[in-house]
Protein chains: 2
Amino acid sequence: MFSGAQFSISVMSDDFADVILGAIRAVGEPEDVRMETDELSTLVVGPPKRVIEVIQQCYAEACRRGGHVTLNALLSRGCPGEPDDPICTPQEPEGGVIPDPESVAELGIPVSAQFSLYPMGLSDHMGVVFSEIERAQATSVYEKGKHFCTKLRGDLARVLACVSACYEGAASQAGHVVIHLSVSKGSPSESA
Amino acid sequence: MFSGAQFSISVMSDDFADVILGAIRAVGEPEDVRMETDELSTLVVGPPKRVIEVIQQCYAEACRRGGHVTLNALLSRGCPGEPDDPICTPQEPEGGVIPDPESVAELGIPVSAQFSLYPMGLSDHMGVVFSEIERAQATSVYEKGKHFCTKLRGDLARVLACVSACYEGAASQAGHVVIHLSVSKGSPSESA
C-alpha cells in the first residue's frame with residue numbers, strides 16, 4: 001500500500017522562512033520516510049502512523065518558534081493511481097486495535113483543527129464517514145460539525161491522535177482513504 | 001444540490017491580520033452567497049461557479065496587498081450529509097458546456113497551485129480522476145503530476161478556471177464531488 005502526505009506549514013510573520021527552515025532542520029529527514037519539498041508542500045512517504053508523527057513533529061517545532069502558525073495536510077493511503085499497488089484492500093490497524101486518542105501524552109500546544117475524510121471507491125462512503133465522525137465525537141477534542149468537515153479543539157497531540165484513529169478506522173473499511181486536515185495555533189480571531 | 005467551500009488565506013507577514021481583513025472588506029459579502037468565518041476558515045455557500053469566483057476575489061485582493069500569500073480551499077458539491085439534498089445526482093454544466101480555461105482574462109497574479117479531486121460514491125472513481133487530469137493536461141497551466149495531486153502554474157484566473165473546469169467535468173459523472181486546492185503566490189522557494 002502506498003501511503004503518504006503532502007503538508008504545508010504557514011507562519012504569519014515576517015520571519016516565516018527562518019521559522020519553517022528551523023523547524024524542518026530540527027526534525028531532520030528521518031531514515032524510515034521519504035521527504036521532498038517544493039514551494040507548495042512537503043511530501044512524506046511512509047507508513048500512515050509515521051507520516052502523521054513526522055507532520056506533528058515539524059508542525060510542533062514551528063509552533064514553538066512562531067506566533068500564529070497553521071498546518072494544511074492531505075493524507076492518502078491505498079491510492080490506486082500511485083506506483084506500488086494497483087489493488088487497494090482495506091487494512092486492519094497495527095495490532096488489530098485503534099489506539100485511544102485520550103491515552104496520548106499532551107505536547108502543551110493548544111490548537112483548533114478541522115478535518116474531512118474521504119473513503120474512496122465505495123457506494124456507501126457516507127456510512128464510513130458517519131461512523132468515523134462518531135468515533136471523533138467520543139473523544140475529548142471533538143468540538144462540532146461544520147459544513148464539509150469536523151472541528152476539533154485541544155492539545156495538538158490529542159487532536160492528531162483523533163484524526164489518526166479515524167484514518168485507521170476508515171482504512172479498515174475502504175482500501176483508498178484520504179484525509180484533509182487544517183490546524184491553527186495562535187490565531188488572533190481565536191476568541192471571536 | 002448543496003454547494004460550497006471552506007477556504008483560508010495565509011499571509012506570511014507581521015501585518016497578516018490587516019491584509020486579510022482588508023481583502024475581506026474589499027470583497028464585502030455578496031448577496032447571492034452565504035459566508036461565515038471562524039479562526040480556521042471562511043465558509044461560502046452558493047452555486048459552484050460563484051463560490052470559486054468569491055474565493056478568487058478574496059485571494060486576489062490579499063495577493064495584491066501581501067508578499068507571500070497562500071490559499072487552501074475545500075470545494076464540495078452534492079454531499080449527501082448536507083441539509084438540502086438527500087440524493088446526489090450528477091449535473092450537467094450550465095449551458096451544457098464546460099468553459100475553456102484558456103478563454104479567461106488574466107489577473108496579473110502569477111501563482112503555483114496543486115489540487116486533488118474526489119468523486120465520491122463511485123466504484124470507478126479513478127476513471128473520473130484520470131479523465132479530469134487529462135482535461136488539466138490540455139491547458140497551458142498544467143505543470144506536472146505529484147503524489148496525491150496535480151500541479152498547475154500560471155495566472156491565478158487561468159489556474160482557477162482549470163480547477164473549475166475539472167470540478168464541472170467530474171460533477172457530470174458523480175453526484176458528490178470534492179476538490180482540495182492549495183495556491184501559493186510569492187514564495188521565496190519558488191525558484192528552488
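Nothing in this text is a laboratory measurement; each read-out follows from the coordinates by a stated rule. The structure presented is a predicted model; accordingly, all values stated were derived computationally and were not measured. Here the Cβ positions follow ideal geometry from the backbone for every residue, glycine too, while neighbour counts run over all protein chains shown.
Taken over the Cα atoms of the protein assembly as shown, the convex hull encloses 132 Å³ per residue.
Label separation (B:GLN137 vs B:ARG25): 4.7 nm, computed from points 7 Å beyond Cα along the C-beta direction.
Remark: label point of B:LYS146 defined 7 Å out from Cα along the Cα-Cβ vector; separations to the same position in other copies 2.2 nm, ascending.
Annotation for A:LYS144 and A:ARG34: the two label points, set 7 Å from Cα along the Cα-Cβ direction, are 4.3 nm apart. From its DSSP helices (H runs of at least four residues, each -39,500 (n - 2.57)), chain B gives a residue-normalised ellipticity at 222 nm of -10000 deg cm²/dmol.
Karplus-based coupling profile of segment B:158-168, in residue order and whole Hz: 6, 4, 6, 5, 5, 4, 4, 5, 5, 4, 5, with θ = phi - 60° in 6.51 cos²θ - 1.76 cosθ + 1.60 and x standing for Gly or Pro. Measuring spread by the Cα atoms of segment B:16-165 yields a radius of gyration and Dmax of 16.1, 46 Å.
Rounded to a whole number of µm²/s, how large is the Stokes-Einstein D of segment B:141-192 at 25 °C and 0.890 mPa s, given Rh as the Kirkwood radius over C-alpha pairs?
197 µm²/s
Ranked by the mean number of other Cβ atoms within 10 Å per residue, highest first, peptides B:137-150, B:27-40, A:169-182, A:41-54 order as A:169-182, A:41-54, B:137-150, B:27-40.
Using Cβ point charges alone (K and R +1, D and E -1), the dipole size of segment A:3-191 about the Cα centre works out to roughly 540 debye.
Summarising the rotation from chain B to chain A, the nearest chain B beta-carbon to the axis and its distance in Å are given as B:SER10, 2. Summary value for chain A: 28 percent relative contact order, contacts being C-alpha pairs under 8 angstrom separated by 6+ residues. Inter-copy label distances for A:ALA17: 2.6 nm (label point placed 7 Å from Cα along Cα→Cβ; shortest first).
Sorted shortest first, the distances from the B:PRO110 label point to those of the same residue in the other copies are 4.3 nm; each point sits 7 Å from Cα along Cα-to-Cβ.
Rounding to the nearest 10 and keeping the result within 0 to 90°, find how far the Cα-based axis of helix B:125-137 lies from the longest principal axis of chain B. So the inclination is approximately 50 degrees. In segment A:111-182, a dipole from Cβ-located charges (positive for Lys and Arg, negative for Asp and Glu) runs towards its positive end, and of A:VAL111, A:PHE148, A:ILE179 it is A:VAL111 whose Cα lies farthest in that direction.
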